[in-house]
Amino acid sequence: MSRAFLNEDKFEQAGDELVERPISPHPNYVTPAGLKQLQDKALRLEMLRSQLAAKKDDPFALQGKAEAERDLRYYAARLESAIVVDPASQPEHEVRFGACVSLEDENGDHHQYAIVGEDEADVAQNKVSWVSPLARALIGHRVGDLVKWRRPAGDMELEITEIYYPKETV
């Protein structure tokens, strides 16, 4: 398909109303680094919105501005509801919010995950949301505990081999 047709489709959508980004019903726990990520994202969106606002005659810029404003509303709400939890204040020997947890699965494979806020979660960096099934299975347990991770692919037993809380550098 010609790129011109794709751009026409986008042009026709330029006047459509955007759907708001859903806000989680869970408490918005964040690490200090997660709070900084939220603040940085809001700042970048504010700068983008300002740049796009200057292009008043460009329908694509108007659509981009509308998207940036929608995302700014989301990040403003997330910043307003943020509950900062310093990992250093957590109990050292128990898995809680902010913990880095080393695990051994039933196949003998080793894994490490950090339990973070919903907006901080990043599978590529082994950061899981505190409301994820894995984090929920781990929270409250200690080194040596066996936990059952209930997954769609089947339950897996994990042994907690290490718990530590990183020193936050923001």
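The values are calculated or read from the model by the stated rules, or taken from the named source; none is laboratory data. None of the values given here were measured: they were computed from a predicted structure. We place every Cβ from the backbone using ideal geometry, glycine too, and count neighbours over all the protein chains shown.
The number of residues in the stretch 87-109 that are surrounded by fewer than 13 Cβ atoms within 10 Å (Cβ to Cβ) and either among the small types (Gly, Ala, Ser) or under 17 Å from Val128 (Cα atoms) (or both) comes to 3. Restricted to the stretch 131-153, and to residues there that are over 17 Å from His26 (Cβ atoms) and hydrophobic (A, V, I, L, M, F, W, C), the residue that is modelled with the lowest pLDDT is Ala153. State whether the residues of the stretch 109-132 include one that is free of Cβ contacts under 8 Å to residues at least 40 places away in the same chain, aromatic (Phe, Trp, Tyr), assigned by TED's automatic domain parsing to the domain that holds Glu157 and closer than 19 Å to Arg150 by Cα. Checked the stretch 109-132: at least one residue is free of Cβ contacts under 8 Å to residues at least 40 places away in the same chain, aromatic (Phe, Trp, Tyr), assigned by TED's automatic domain parsing to the domain that holds Glu157 and closer than 19 Å to Arg150 by Cα.
Taken as a whole, the structure places Leu79 among residues that are closer than 19 Å to Pro22 by Cα, touching a residue at least 40 places away in the same chain (Cβ under 8 Å), surrounded by 14 or more Cβ atoms within 10 Å (Cβ to Cβ) and not polar (S, T, N, Q).
From the list Glu94, Glu69, Glu120, the lone residue that is in a loop (DSSP other than H, G, I, E, B) and either in contact with a helix residue (DSSP H, G or I) (Cβ under 8 Å, 6 or more places away or on another chain) or under 29 Å from Lys41 (Cβ atoms) (or both) is Glu120. Evaluation of Leu52 against the conditions (1) within 15 Å of Leu18 (Cα to Cα); (2) in contact with a Gly (Cβ under 8 Å, 6 or more places away or on another chain) shows that the sole unmet condition is (1). For the criterion of being touching a residue at least 40 places away in the same chain (Cβ under 8 Å), hydrophobic (A, V, I, L, M, F, W, C), outside the structural domain of Gly144 (by TED's automatic domain parsing) and surrounded by fewer than 16 Cβ atoms within 10 Å (Cβ to Cβ), Ala66 fails.
In the stretch 154-170, which residue that is of a type in the set (Ser, Thr, Tyr) and assigned to a strand (DSSP E or B) is modelled with the highest pLDDT? Across the stretch 154-170, the extreme among qualifying residues is Thr161.
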